[in-house]
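The values are calculated or read from the model by the stated rules, or taken from the named source; none is laboratory data. Keep in mind that what you see is a predicted model, and the values were worked out from it rather than measured. Cβ atoms come from the backbone with ideal geometry, glycine included; neighbour counts cover every protein chain shown. Ligands, DNA and RNA are stripped out before the accessible areas are found, and what is left, the full protein with its side chains, is counted by its heavy atoms. Shrake-Rupley method; radii C 1.70, N 1.55, O 1.52, S 1.80 Å.
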Amino acid sequence: MSKSKQELVLNAARQTMLLRTRDLESQGIPRAYLSQLHRQGLLERSGRGLYRLPNAEPTENSSLAEAAVRVPRSVVCLLSALRFHELTTQSPFEVWLALDRKARRPVTPSESTPLRIVRFSGAALTSGIEHHLIEGVPVRIYGVAKTVADCFKYRNKIGVDVAIEALRDCRRQRLATADELWRYARVCRVAAVMQPYMESLI
């Protein structure tokens, strides 16, 4: 590997924190270069096809950035979105991702953060998405109001107590208006379920 190619790869790692082999290949840099830098101790492997600088300090949301790189069309949802928005005291060991019902299930390498895939469709999949930059990686995450509505829709998966806590904290911290919550309650078709809890908080 030439010094110029090596520096190009290392500069990319400094800018984005997480490198994908396919991103470098699109720039004409063979994936063998990453393996070579890994053997030299200049890069460490973060997951299958993912590399980072050895001294890069992972943040609380590093797993979200890693998941976004591994599954580009996904959206961080439910417990992981609650954690990102600081609406729960739970710290899920899996990254919860929303995927289209027809999308292929991603493969999870043993050394990577485990993923929890939840199938969404239609407006429930495409509405309420926010774009955040985490460790230089663009990550799609459902906003607060959409996440609260999702929690009621998938209350059988995460527990109705979690959904109620999220709604209560959302209103107490004024992270979403009642109109925003009602809008996504209708999108997720849980307006009737959320109504008594909403009315008790008004």
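Limited to the range 176-201, what total is found for residues that are in contact with a Cys (Cβ under 6 Å, 6 or more places away or on another chain) and open to solvent by 80 Å² or more (accessible area, probe 1.4 Å)?
So the count comes out to 0.
Could you look through the range 173-202, keep only residues that are part of a helix (DSSP H, G or I) and of a type in the set (S, T, N, Q), and pick out the one that is farthest from residue 77 (Cα to Cα)?
Applying the filter and picking the extreme gives 200.
Within the range 120-139, which residues are part of a strand (DSSP E or B) and in contact with a Cys (Cβ under 8 Å, 6 or more places away or on another chain)?
120
Among the residues of the range 136-157, is there at least one that is closer than 17 Å to residue 64 by Cβ and open to solvent by 80 Å² or more (accessible area, probe 1.4 Å)?
The answer is yes, given that some residue of the range 136-157 is closer than 17 Å to residue 64 by Cβ and open to solvent by 80 Å² or more (accessible area, probe 1.4 Å).
Here are some residues: 107, 118. Which one is open to solvent by 80 Å² or more (accessible area, probe 1.4 Å), within 29 Å of residue 72 (Cβ to Cβ), β-branched (Val, Ile, Thr) and within 21 Å of the chain's Cα centre (by Cα)?
Only one candidate passes the filter, namely 107.
Return yes or no: is residue 127 open to solvent by 70 Å² or more (accessible area, probe 1.4 Å) and farther than 30 Å from residue 52 by Cβ?
no
Among strands (runs of 3 or more DSSP E) lying entirely in the range 1-104, which contain 1 or more residues that are open to solvent by 20 Å² or more (accessible area, probe 1.4 Å) and among the charged types (D, E, K, R)?
Here the list reads 44-47, 95-100.
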